[in-house]
Amino acid sequence: MVSTSFDCVLEPNASDADITQAFRKVVLKLHPDKNKAENASEAFRAAKAAYDALRSPSQRAAYDRDNVTAQYAFPATSASVKFPPGGPFSTIPVGDLVILTGLGDWKGIVRSFDQESGKYVVNDCFGTLHEVAPSALFQNVEVVLRGCNSPRTVGTLQSFQEATGTYRVQYFCHRSSRVNGIRRPEEIIIPKGTVVRLKGLERQTYNGSYGKVVAWAERIEEDGTDTSHYDVQLSESAAVRVKMANVRV
């Protein structure tokens, strides 16, 4: 089988010459006449489709707008590529505050991550250590609330409700009253360095992957459409630019 790693990664401002040069390198490796691996033909077709899209001004613009990726990549296969917790860009840092959703929403501090079990070791508020799956943790991070009267209202994430697709956020209103508000993912700004999970992407390649937020940019189109996005680093060679609705803490 052909490896699922990326063979070439291009920056968004890559020229036609850059794209052609990168594609030629992929052809030398993946062309069925040279590569006898079981899925070489499928991988070559996927690379050719990516090349054709990036060479077409209209398709490249649509790719930027709808798929919103931070880097163009010619994949060695069209299969999904997952980045689970445990990598350098997908592990909650030691010392970060988390909420143990499976233990009565107790708060705790990350002490380590066990690669073998795929679980975090967390010290709860009573001093007890727990081994906890990533799905049973929620990062208790500070976020900026968008659309508030105040120019910069900061709140703390408390939970995410899958049924409604909303966060419960605690913040102070008028500097005195503590409020537990409900916010959609598009209504909060997750800070740089936060580990997030990708969900609901139209292209299934990275769905379910974990990565680290490295940037956020606000963009409002002329017709009022909000196309603000995050840049999420998945590995040393893979990053994606995704809509705010496609990120989960």
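The values are calculated or read from the model by the stated rules, or taken from the named source; none is laboratory data. Not measured: the values here are computed from a predicted model. Positions of Cβ are generated from backbone atoms using ideal geometry, with glycine treated the same way; all protein chains shown enter the neighbour counts. For the accessible areas, the whole protein counts, side chains as well, though only heavy atoms, and no ligand, DNA or RNA atoms are used. Shrake-Rupley method; radii C 1.70, N 1.55, O 1.52, S 1.80 Å.
If you go through segment 206-224 and pick out every residue that is open to solvent by 30 Å² or more (accessible area, probe 1.4 Å) and of a type in the set (V, I, T), you end up with 2. Among the residues making up segment 198-213, those that are in contact with a Phe, Trp or Tyr (Cβ under 8 Å, 6 or more places away or on another chain) and more than 11 Å from V242 (Cα to Cα) are S209, Y210, G211, K212. Taken together, the residues in segment 200-247 that are closer than 17 Å to G165 by Cα, under 8 Å from the mean Cα position of the chain (by Cα) and of a type in the set (D, E, K, R) amount to 0.
When the criteria are applied in full, S135 fails the requirement of being open to solvent by less than 60 Å² (accessible area, probe 1.4 Å) and at pLDDT 85 or above. Of the residues making up segment 225-249, those that are at pLDDT below 85 and open to solvent by 50 Å² or more (accessible area, probe 1.4 Å) are E236, S237.
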